[in-house]
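**Student:** Following this message is one structure expressed as structure tokens.
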Amino acid sequence: MNRRRVLRRLVPVLVVLLLPLMSGCSASLLNLPLPAPGAGDHSYRLTAVFRDALNLPESAHVKLGGDDVGAVQEIVPRNYTARVTLAVRSDVVLPVGTTAELRQATPLGEIFVALHPPAHPATAAVLRDGDLLDLAHTETATSVEDLLV
């Protein structure tokens, strides 16, 4: 008698759990949207000029101290340099003198932009929307080819 009662309760639960699988439901991890790097709805734009940004993908991460604070919006070649537009979250305050560096977490990993504020800012001024980080404030990543040599 006890066994029959357990089966009566177990059968409806199994039907509910197995019905989507048996009905050809196509829900899977492949259908779930993945978070993309970005600065969100509220951000400001900076332009960083690099000597070489060959392997930098659009929508690459922009990081400050290892945390994602934005994304690359656009890469435009101009006069043998790459002008990279960065969207940075508006809650991130960067002092004047901040530098940008193209980095890789691993030798074959994706390239991202790492921002480094100065250790001792000369003034209390901060970077604003539309500001430029020129070649004196940027550094390119070591390429995989250079590492292998």
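The values are calculated or read from the model by the stated rules, or taken from the named source; none is laboratory data. Fair warning: this is a prediction, and the values are worked out from it, not measured in the lab. Cβ placement follows ideal geometry from the backbone for every residue including glycine, while neighbour counts extend to all protein chains displayed. Please note that ligands, DNA and RNA were not included when accessible areas were found on the heavy atoms of the full protein model with its side chains. Shrake-Rupley method; radii C 1.70, N 1.55, O 1.52, S 1.80 Å.
**Student:** Name the residues in the stretch 123-137 that are polar (S, T, N, Q) and modelled with pLDDT of 90 or more, would you?
**Tutor:** none
**Student:** Counting just the residues of the stretch 76-96 that are in contact with a Pro (Cβ under 8 Å, 6 or more places away or on another chain) and of a type outside the set (Lys, Arg), which one comes out most open to solvent (accessible area, probe 1.4 Å)?
**Tutor:** Ranking the candidates gives Val96 first.
**Student:** Ok, one more. Looking at the stretch 117-131 only, could you name the residues that are of a type outside the set (D, E, K, R), touching a residue at least 40 places away in the same chain (Cβ under 8 Å) and surrounded by 11 or more Cβ atoms within 10 Å (Cβ to Cβ)?
**Tutor:** Passing the criteria: Pro117, Leu127.
**Student:** Looking only at the stretch 66-75, which residues are closer than 16 Å to Thr138 by Cα and surrounded by fewer than 16 Cβ atoms within 10 Å (Cβ to Cβ)?
**Tutor:** none
**Student:** Which residue, of Arg103, Arg89, is modelled with pLDDT of 95 or more, in contact with a strand residue (DSSP E or B) (Cβ under 6 Å, 6 or more places away or on another chain) and basic (Lys, Arg)?
**Tutor:** Arg89
**Student:** Now a separate question. Just to check your reading of the model, which residue among Thr99, Thr47 is open to solvent by 10 Å² or more (accessible area, probe 1.4 Å), within 16 Å of Glu139 (Cα to Cα), touching a residue at least 60 places away in the same chain (Cβ under 8 Å) and hydroxyl-bearing (Ser, Thr, Tyr)?
**Tutor:** None of the others qualify; the one that does is Thr47.
**Student:** Here are some conditions: (1) without any contact (Cβ under 8 Å) to a residue 40 or more places away in the chain; (2) surrounded by 13 or more Cβ atoms within 10 Å (Cβ to Cβ). Leu108 meets all but one. Which one does it not meet?
**Tutor:** Unmet for Leu108, out of (1) without any contact (Cβ under 8 Å) to a residue 40 or more places away in the chain; (2) surrounded by 13 or more Cβ atoms within 10 Å (Cβ to Cβ): (2).
**Student:** With the condition being more than 18 Å from His42 (Cα to Cα) and among the aromatic types (Phe, Trp, Tyr), I'd like the strands (runs of 3 or more DSSP E) fully within the stretch 59-149 carrying at least 1 qualifying residues.
**Tutor:** The strands (runs of 3 or more DSSP E) meeting that bar are 111-116.
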